[in-house]
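Undergrad: Sharing a structure below in structure tokens format, with a few things to ask.
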Amino acid sequence: MLASFIMGAVLFCAGFVIGSYIKAASWENEDWKILKWDKQIMGYRTLPSGGKMFRGENVVMCLKLDTQSLPEDGLVNEL
């Protein structure tokens, strides 16, 4: 009884660790961009690598989506 409980706990922990690793790896492999508000053009521009963000600035983190797989009649955003 105790051995099966310990074995279940070990398997649960191993599954949790493996799942967390896979989730983190898939999150980091996405094409993330950081956009920073530019007052000169009144719009967002991509923040280059090594660029700085400062407290109080408008910054957006976005993910580029592949729109080739969307239906031809479009997709409604319901957020």
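Undergrad: Tell me which residues, restricted to the range 58-74, are part of a loop (DSSP other than H, G, I, E, B) and either modelled with pLDDT under 90 or over 24 Å from W27 (Cβ atoms) (or both).
TA: Result: K64, L65, D66, L70, P71, E72, D73, G74.
Undergrad: Here is a follow-up. When only residues in the range 56-74 that are in contact with a strand residue (DSSP E or B) (Cβ under 6 Å, 6 or more places away or on another chain) and surrounded by 10 or more Cβ atoms within 10 Å (Cβ to Cβ) count, which is farthest from K39 (Cα to Cα)?
TA: Only one residue fits best here, namely C62.
Undergrad: Sort out which residues of the range 22-43 are over 14 Å from the mean Cα position of the chain (by Cα) and either of a type outside the set (A, V, I, L, M, F, W, C) or not in a strand (DSSP E or B) (or both), and write them in order of number. Give the steps one after another, and end with the answer.
TA: To start, the set of residues in the range 22-43 that are over 14 Å from the mean Cα position of the chain (by Cα) comprises 35-43.
K36, D38, K39, Q40, I41, M42, G43, listed by residue number.
Undergrad: Inspect all residues belonging to the range 3-21 and state whether any of them is at negative phi, assigned to a strand (DSSP E or B) and surrounded by 10 or more Cβ atoms within 10 Å (Cβ to Cβ).
TA: The answer is no, given that none of the residues of the range 3-21 is at negative phi, assigned to a strand (DSSP E or B) and surrounded by 10 or more Cβ atoms within 10 Å (Cβ to Cβ).
Undergrad: Which of the residues spanning the range 30-63 are among the hydrophobic types (A, V, I, L, M, F, W, C) and free of Cβ contacts under 8 Å to residues at least 24 places away in the same chain?
TA: Residues of the range 30-63 among the hydrophobic types (A, V, I, L, M, F, W, C): 32, 34-35, 37, 41-42, 47, 53-54, 59-63.
Within the range 30-63, W37, I41, M42, L47, M53, F54 meet the criteria.
The values are calculated or read from the model by the stated rules, or taken from the named source; none is laboratory data. Being a predicted model, the structure only gives us computed values, none of them experimental. Heads up, the Cβs are rebuilt from the backbone with ideal geometry, glycines too, and the neighbour counts pull from every protein chain shown.
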